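Since the structure comes first, as structure tokens, the remarks are kept for the end.
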Amino acid sequence: MIRRWLRNGLDQAGLVAKAYDVRARATNAVDRETRRQNAEFQAAGAPDGLPLPPPSLVYLVAGHFNVEWYYSSGASHAALLRKVLETNGFNLREFDSLLDFGCGCGRVIRHWRDEPISRLHGSDYNPRLIEWCRRSLPFAEFETNRRAPPLAYDNDRFDFIYAISVFTHLTEDLQRTWMRELERVLAPGGLVSITTKGRSRLEPLDDEERRRFESGELVVQDARYEGRNLCAAYHPERYVREELAGALEVVDFVPAVAASAQTQDFYLLRKPTQVDALGSTPR
């Protein structure tokens, strides 16, 4: 009861995010095991030979300070993206242009360095993360975006776009506007993949929130902290298909798997082409 009262008081004062950060950093300061793991992993170097981000930047993206976990999760998500594409008859190597929307400090995009993709781009709203990417991952181009559209790209620019754990931290209005913006910069026939918290991640919801989720509504907790890990959005499959996808075709839905690297649901969506509009069968 006291914790709830304190949390409500901090929330009304707009200090929950600050208190969360102070607690996390204080815990990390005395976490000798994580510091030891980080020192060993950084001394050995990343398996891909690229620079590793400092724990302070890892925390801004992932909410923890473990650099090895961060690197491993990026490799796992890269593998999952490949698998979802290949399952649906697509090959990453056939794309000419790719955008990592919400790239953080290069957690996933670093794993495309050796792919024959002529235009690799990453975008994030945090300039500190983009600055690190520009210095450390010169094989790709990086831009800072604002919390709301537009992006600094022309229409129909990218063959493939993905947003890993981005829509999970946005309010409904921002989700809708960003999905339409990704649709704008996606080439006709191009693909976009997003991840969401679905049925496997409902533990934090109360009874009323679960009722809304089961009825097909998007549930957003702590909306005032949109864009940060404190803001959490939960997506029923029905909501993504009927509301969020808009004009995009849902090519595949891959629900999260318990006790695996896939902790969020994956969606693969496709932008229709003019030929599709004339009644031809989509690829």
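Read the figures in this text as sums done on the coordinates, not as results from a lab. This one's a predicted model, so the numbers in the text were calculated from it and none came from an experiment. Every residue, glycine among them, receives a Cβ derived from its backbone with ideal geometry; neighbour counts consider all protein chains shown.
Determine the relative contact order of region 1-152: mean sequence separation of Cα pairs under 8 Å and six or more apart, normalised by residue count, in whole percent. Intermediate results must be reported in sequence, preceding the final value.
Details: 158 pairs, mean separation 23.6, N = 152.
Relative contact order here is 15 percent.
Using Cα-Cα distances under 8 Å and only pairs 6 or more residues apart, what relative contact order does region 31-277 have, in percent?
Relative contact order of region 31-277: 16 percent.
Quick check: convex hull over the Cα atoms of region 155-217, volume per residue in Å³, rounded to an integer?
For region 155-217, the hull spanned by Cα atoms encloses 97 Å³ per residue.
So for His121, His235, fewest C-beta neighbours within 10 Å to most, what's the order?
The order, fewest Cβ neighbours first, is His121, His235.
If I build a Gaussian network model for the chain, linking alpha-carbon pairs within less than 10 angstrom, which residue out of Thr263, Thr273, Thr27 has the largest mean-square fluctuation?
Thr27
Can you list the GluC sites (Glu not before Pro) in region 209-240 that are in a DSSP coil and have 16 or fewer other beta carbons within 10 angstrom?
Hits after loop and neighbour filter: nothing returned.
Indicate, rounded to the nearest 5 percent, the antiparallel portion of the DSSP beta bridges found entirely in the chain.
Rounded to the nearest five, the antiparallel share is 45 percent.
Fewest first, what order do Leu92, Leu218, Leu186 take by the number of other Cβ atoms within 10 Å?
Ordered by Cβ neighbours within 10 Å, fewest first: Leu92, Leu218, Leu186.
Please list, or write none, the lysines whose alpha carbon is within less than 29 Å of the alpha carbon of Lys271, excluding same-chain residues fewer than 8 places away.
Within the straight-line cut-off, Lys271 pairs with Lys83, Lys197.
Just Arg157, Arg93, Arg270 to compare: in a GNM of the chain, with alpha carbon springs under 10 Å, which one fluctuates most?
For the chain, modelled as a Gaussian network with Cα springs under 10 Å, the answer is Arg93.
Is it possible to state the helix-based mean residue ellipticity at 222 nm for the chain, with each DSSP H run of 4+ residues giving -39500 (n - 2.57), the sum divided by total residues, to the nearest 500 deg cm²/dmol? What is it?
That calculation yields -11000 deg cm²/dmol at 222 nm.
Quick check of the Kirkwood formula: for the chain, what is the inverse mean of 1/r over all pairs of different Cα atoms, in Å?
Values: mean 1/r = 0.0501 Å⁻¹.
For the chain, inverting the mean 1/r across all distinct Cα pairs yields 20.0 Å.
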